[in-house]
Amino acid sequence: MVPLEYYLILSAVIFAIGVIGVLVRRNLIVVLMSIELMLNAVNLTFIAFSRYLGSMQGQVIVFFVMAVAAAEAVIGLAIVISVFRHRRSLDPQEMQLLKW
Amino acid sequence: MDASVILFYVISVLLVLSSLMVVFLRNVIHCALALVAALFLIAILFVMLHAPMMGVLQVLVYAGAIMVLFLFVIMFLNPTAPEPRRKLWWGFGSLAALLLAASLAALLSNGEAPADPVAATETFGSPETLAKSLFTDFVLPFEITSVLLLVAIIGAVVLAKREP
């Protein structure tokens, strides 16, 4: 049986990889994909705790996280489309209309 | 060594590799396909953790619906401009993420987590127990989620509509 710590460390690593993507990529679609990766790392933590504590609540919360992630992806991609339509670019550095 | 431990090692190596490919590949389509691979591997981990229903939902919702949406938007926009790379910023971001991973791992492995899992019953993680928990303890969040999805649908249609 795999110890719980292995799952937790694996999900910490996956989460950190997602953070790299959000910090350094200059393509909005890849940034959204990195956010999905981070959400999945957290889901893995929830499922691992649910298994090791013998409680179904973790799995139910993962269910809700999936619904929220789907809504987030839909809205995020709609915003990407409308930004691309205005600026012809997917570079987040060029979105500085609100920058002081 | 136990067979499940070997399987866990194989899957985690593949998972870390495909996650790194999501972040470091240059072509957006390749990133999306690497993300599909990562999501499938996470689904396998879910099944290993006695959550078969969540594994099925992971494949259907994430690797199916959400990734099709991503690929559709990539092909719709067809971004051809090459992404500029700044070495310094990449180094800084990777360093920050390494620090984050190290501190998270130290924090998570320090907790008083139970060493032995609670013995899983036959029905643990089955759709039946999931639905029982969902429709008794979590009814209100479930209903609010349906409103959230409605808002997302309307918002997506309004945002992506071409202005007259």
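Between B:LYS132 and B:LEU60, the C-beta separation translates, for a Förster distance of 22 Å, into a calculated FRET efficiency of about 0.55. Rounded to the nearest 10 degrees, the angle from helix A:4-24 to the longest Cα principal axis of chain A is 0 degrees.
In a DSSP loop and with at most 16 other Cβ atoms within 10 Å, there are no trypsin sites (Lys or Arg not before Pro) in region A:1-86. Towards the positive end of the charge dipole of chain B, with charges on Cβ (+1 Lys, Arg; -1 Asp, Glu), say which of B:SER146, B:LEU20, B:LEU39 has the farthest Cα. Of the candidates, B:LEU20 comes out farthest on the positive side.
Counted by Cβ distance under 13 Å from A:LEU90, the other residues give a net charge of +2, where Lys and Arg count +1 and Asp and Glu count -1. Could you pull out which residues in region A:12-30 have an amide N less than 18 Å from a spot 7 Å beyond the Cα of A:ARG87, following the Cα-Cβ vector? Counting backbone N atoms under 18 Å from the label point, the list is A:22-30.
Multiplying the residue separation of B:VAL68 and B:VAL16 by 0.36 nm and removing their Cα-Cα distance gives an extension gain of 16.5 nm. Within the shell of other residues whose beta carbon sits under 15 angstrom from the beta carbon of B:ARG85, the net charge comes to +3, with Lys and Arg scored +1 and Asp and Glu -1. What is the average number of partner chain Cβ atoms found within 10 Å of a Cβ in B:152-162? Averaged over the peptide's residues, the number is 5.
The dipole here belongs to chain B: it is taken about the Cα centre, uses +1 on the Cβ of Lys and Arg and -1 on the Cβ of Asp and Glu, and is about 960 debye.
Calculated [222 nm] ellipticity per residue, helices only, for chain B: -23500 deg cm²/dmol; basis is -39500 (n - 2.57) per DSSP H run with n ≥ 4, divided by all residues, nearest 500. Other protein chain C-beta atoms within 10 Å of residue C-beta, averaged over B:31-39: 3. Coupling constants for region A:63-76 follow from the phi torsions by the Karplus curve (6.51 cos²θ - 1.76 cosθ + 1.60, θ = phi - 60°), and in residue order they are 4, 5, 4, 4, 5, 5, 5, 5, 4, 4, 5, 4, 5, x Hz; glycine and proline get x. The mean number of Cβ atoms from other chains found within 10 Å of a Cβ in peptide B:11-17 is 3, as a whole number.
Computed over chain A, the per-residue total of -39500 (n - 2.57) for DSSP H runs of n ≥ 4 gives a 222 nm mean residue ellipticity of -28000 deg cm²/dmol, rounded to 500.
Since every read-out is calculated from the coordinates, none of them should be taken as a lab result. Here the structure is a predicted model, which means the values were calculated and not measured. Here Cβ is always computed from backbone atoms with ideal geometry, including for glycine, and neighbour counts include all displayed protein chains.
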